[in-house]
1. Out of the stretch 49-145, which chymotrypsin sites (Phe, Trp or Tyr not before Pro) are coil in DSSP terms and have no more than 16 other C-beta atoms within 10 Å?
2. Would you kindly compute the Cα radius of gyration of the chain and its largest Cα-Cα separation (Dmax), both in Å?
3. Mind checking which helices in the chain clear 27 Å along their axis (Cα) and have mean Kyte-Doolittle hydropathy of 0.0 or more, DSSP H runs only?
4. Sort 112, 140, 147, 82 by Cβ crowding within 10 Å, fewest neighbours at the top.
5. Taking the alpha carbon gyration tensor of the stretch 197-314, what are the square roots of 5 times its eigenvalues, largest first, to the nearest whole Å?
6. How much mean residue ellipticity at 222 nm does the chain get from its helices, if each DSSP H run of length 4 or more adds -39500 (n - 2.57) and you divide by all residues, to the nearest 500 deg cm²/dmol?
7. Test of understanding: ordering 160, 73 by Cβ neighbours within 10 Å, fewest first, what list do you get?
8. If one computes the Cα centroid of the stretch 133-161 and of the stretch 239-286, what distance in Å separates the two points?
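Read-outs: derived from the displayed coordinates by stated rules, not from any lab. From a predicted model like this one, the values you see are computed outputs, not experimental measurements. Using ideal geometry, Cβ is built from the backbone for each residue, glycine included, and neighbour counts are taken over all protein chains shown.
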Amino acid sequence: MSKKVKLILLSAVAVVVLVGVGLGTYFGVLYVNPEEFINELDTSGVFKNSFEDRIAQTDIFNVMYDHMIDNTSGKQPKLLFVGYDGAIANAIPLQKDYQTSAIFKLRETGGVYLGYCGGAKPGDQDTSTAPGWAAAFTGVWGSVSGVEANKNELKETSRSIIYQFGERGIPTSYSVTWEPHIERTYVKEVTSAETNSYPIDYVLGEKDEDTFLDMKERIESGDTDAIFGILEYTDSAGHGFGYKTSIEKYMDAVRNAEDDAYSLISTIESRATYAEEDWLIIIMSDHGGIYRNHGKTSYMESTIFFASNKEIFG
């Protein structure tokens with residue numbers, strides 16, 4: 001064997017070793033043990049239900065619908081919905097001592113619950129953004145709504161709660177930064193709402209601050225009764241650095257979302273007409289994540305959470 005060939009072989013071995021070490025470190029840092037994940041949730045004392053009794057993502061639809069349409073409080077029904085895109089469930093208990101935790105503020109009068117996404121059976125639909133929010137907004141899984149992956153458009157036979165509110169004349173808004181929400185998933189509803197002059201504002205911002213400010217201004221003005229918005233802090237950090245509580249930049253993103261939502265809640269409570277209004281406030285996630293991705297069936301990807309100022313589930 002020539003000297004040149006030996007050098008090439010040694011170089012190849014070195015590369016393999018370095019890649020192996022690198023991958024080992026990568027997966028070691030980002031790995032989450034499923035059993036530990038479940039135990040962490042069930043022993044936290046934060047959630048009103050156990051992992052085994054997780055609630056279907058679709059169930060939140062009726063909670064919102066009943067509050068706005070069948071409200072018997074005698075007050076003006078109002079709704080604030082804040083989505084934490086890609087927020088992992090085991091990050092929530094760690095916000096307990098965070099001074100501006102919106103979730104724990106809601107928990108004082110309501111509750112925090114564990115849920116699941118991904119379809120009636122694991123793998124029925126992707127644990128991804130469009131299928132997740134579509135399930136929450138329509139009350140049905142992707143097999144019915146047509147949104148089983150990010151690439152799909154919502155069927156006209158499965159109208160979102162945003163559209164249904166607008167159709168009934170309820171001033172409604174939907175603020176996002178992820179373009180496919182408006183330009184793909186709900187594009188037919190956007191067109192129909194505009195054609196029929198329904199009171200729905202679809203707002204596409206460049207960054208989460210735009211979403212936050214739009215929602216805050218609507219709360220202050222009082223002109224919008226059902227306010228929906230999706231914050232991307234956590235999903236962006238998950239894809240960039242990893243969906244894990246030991247990763248500082250991911251947890252910073254969780255706290256950024258918490259800060260925004262806390263401010264929105266405080267704005268609601270400072271309204272001059274707050275006593276005459278019946279506010280339902282919901283914070284929830286669309287999917288979790290593992291390593292730097294999501295979409296599959298692992299517990300870490302398919303477990304979500306709901307938080308509300310009311311006890312919304314028995």
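1. 98
2. 21.4, 90
3. Membrane-span-like by this criterion, though nothing is claimed about a membrane: 3-30.
4. Lowest to highest Cβ neighbour count: 140, 112, 82, 147.
5. Result for the stretch 197-314: semi-axes of 29, 16, 14 Å.
6. -12500 deg cm²/dmol
7. 73, 160
8. What the calculation gives is 25 Å, centre to centre.
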